[in-house]
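Laboratory data are not the source of any read-out in this text; all were calculated from the coordinates shown. Please read these numbers as outputs of a predicted model, since none were measured by experiment. Every residue, glycine as well, gets a Cβ built from its backbone with ideal geometry; the counts of neighbours run over all protein chains shown.
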Amino acid sequence: MGHVTVTLQRYVRTIQEFLSPQIANNPLINTDTWFQQDGASSHTARLRLECVQRKGPTCGMDFVSEKVSALSKLNITTMDAINWSDHKIRKHLRHEAFQTWTNHTLRGKGVIVCSDLPKANSWVSNRRGLSSSECTSALKMSSNISTVRAIPGRTLSTTRCRHPDCSELETLGHVLGQCPKGELLINARHHRVRHALVTSLKTLNWEIHEEVHCVSSDGSFRRADIIAINGRLKRALVLDPTIRFERNLNQATEVDVKKKSIYEPCLPYLSQKHNVPLKQWSSLKPKSKERKKERKKERKKERQKGRKKERKKARKKERKKERKKERKKERKKERKKKKEKF
Ligand SMILES: [Zn+2]
């Protein structure tokens, strides 16, 4: 026996010549009997659908209603399925799955933040830079099902931290960010992030000071992780990176408010120390008004430069044409003179 390719014609013939007589003659087949197919192209072609639907009512094969019910389970109407492209249907299904995930109270904790920065979460699909086990751990942490005691069903005893010097609730957030057991690892991670920030700011020509001692207006001492000054942009920043277990979309704002309350009273001292006017200390907004204005100016200049180049090119071309014309005229004149001489 060799392999046979099931073309549409062969499939329809099998239904008509083999299946139909079998259905008609078999006493065990009645209106409760189901005939199920998968999504192979020969199964879904129009000719096949017509053929099966003609047979349908006799043996309970209502494919249209089956299709509608399957689509309704995916929250897609029949009209949507017809009008939408494959890409749009896939996007819709992905969005629906994401919404279901975020609605889980425990396993969906912090998942809503994933959509905020797709670039940082691209590891979920491309797994770049992660070993197989690291990827499994990362997925477990993202869906909050890592084996920590605070997850229901993980322990029969206490939900408190298993480290002897710690009595906090053993949540993933606690283990990753606060527990004294991982203090060295937590510090090392913080320093890595700080280093990455510093190197990228340095490449953008910012003046950087690390671990800066500062004094608050009430006389208390603080230590800022990074002070970044840019004379060209007339901007200065106090940066204090913090790595938190992500819970909700408001978290970034909450942390920002907290950090501001710590470092804003130090700004007069820092202004004096680094000789930067007080108004230049701005909070980290993605694009300040001044920066926007500067970018506009830069773009204008670039456009003008481009136009100048184009004008130069056009002038060169015109000159060339004029020279050619002149040469042609001269040659004509010479030929005329020669003819006259003869
Ligand atoms: Zn602990």
Picking from K329, K279, K297, which is most flexible by a Gaussian network model of the chain using Cα springs under 10 Å? K329
Would you kindly compute the Cα radius of gyration of segment 127-233 and its largest Cα-Cα separation (Dmax), both in Å? 19.5, 61
Of K300/K321; K234/K297; K202/K234, which pairs sit farther than 20 Å apart, going by alpha carbon to alpha carbon? K300/K321
Burial ranking of peptide ranges 223-234, 250-261 (average Cβ count within 10 Å, highest at the top): 223-234, 250-261
Place +1 on the Cβ of every Lys and Arg and -1 on the Cβ of every Asp and Glu in the chain, take the dipole about the Cα centre, and give the residue among S157, T5, Q178 whose Cα lies farthest towards its positive end. T5
Mind running the shape call on the chain? Use the C-alpha gyration tensor, a ≥ b ≥ c as the square roots of the eigenvalues: rounded below 1.5 for a/c, prolate if a/b tops b/c, oblate otherwise. oblate
By the gyration tensor of its Cα atoms, with a ≥ b ≥ c the square roots of the eigenvalues, what is the shape of segment 214-307: rounded for a/c under 1.5, prolate for a/b over b/c, or oblate? oblate
Per DSSP H run of n ≥ 4, the term is -39500 (n - 2.57); total these for the chain, divide by its residue number, and report the mean residue ellipticity at 222 nm rounded to 500 deg cm²/dmol. -16500 deg cm²/dmol
Once whole DSSP H runs in the chain are found, which of them have Cα atoms spread over 27 Å or more along the helix axis and a mean Kyte-Doolittle score of at least -0.5? 183-203
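Ranking request for peptides 92-101, 207-216, 305-314: highest mean number of other beta-carbon atoms within 10 Å first, then the rest in descending order.
Result, highest mean first: 207-216, 92-101, 305-314.
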Expressed in nm², what is the orientationally averaged projection area of the convex hull enclosing the Cα positions of segment 134-195? 4.9 nm²
The chain - percent relative contact order, Cα under 8 Å, separation 6 or more: 9 percent
Over 23 Å, how big is the tail of the calculated P(r) for segment 81-177, in percent of all Cα pairs? 41 percent
Work out the length of the dipole vector of the chain about its Cα centre, built from +1 on the beta-carbon of each Lys and Arg and -1 on the beta-carbon of each Asp and Glu, and round it to the nearest 20 debye. 6200 debye
Charge sum, other residues only, whose C-beta stays under 15 Å from E210's C-beta, Lys/Arg counted +1 and Asp/Glu -1: +2
Connecting C-alpha atoms closer than 10 Å in a GNM of the chain, tell me which of R319, R90, R128 has the biggest fluctuation. R319
Segment 75-211 - percent relative contact order, Cα under 8 Å, separation 6 or more: 11 percent
Name the shape class, rounded, prolate or oblate, that the alpha-carbon gyration tensor gives for segment 65-123, where a ≥ b ≥ c are the square roots of its eigenvalues, rounded holds for a/c under 1.5, and otherwise prolate holds if a/b is larger than b/c and oblate otherwise. oblate
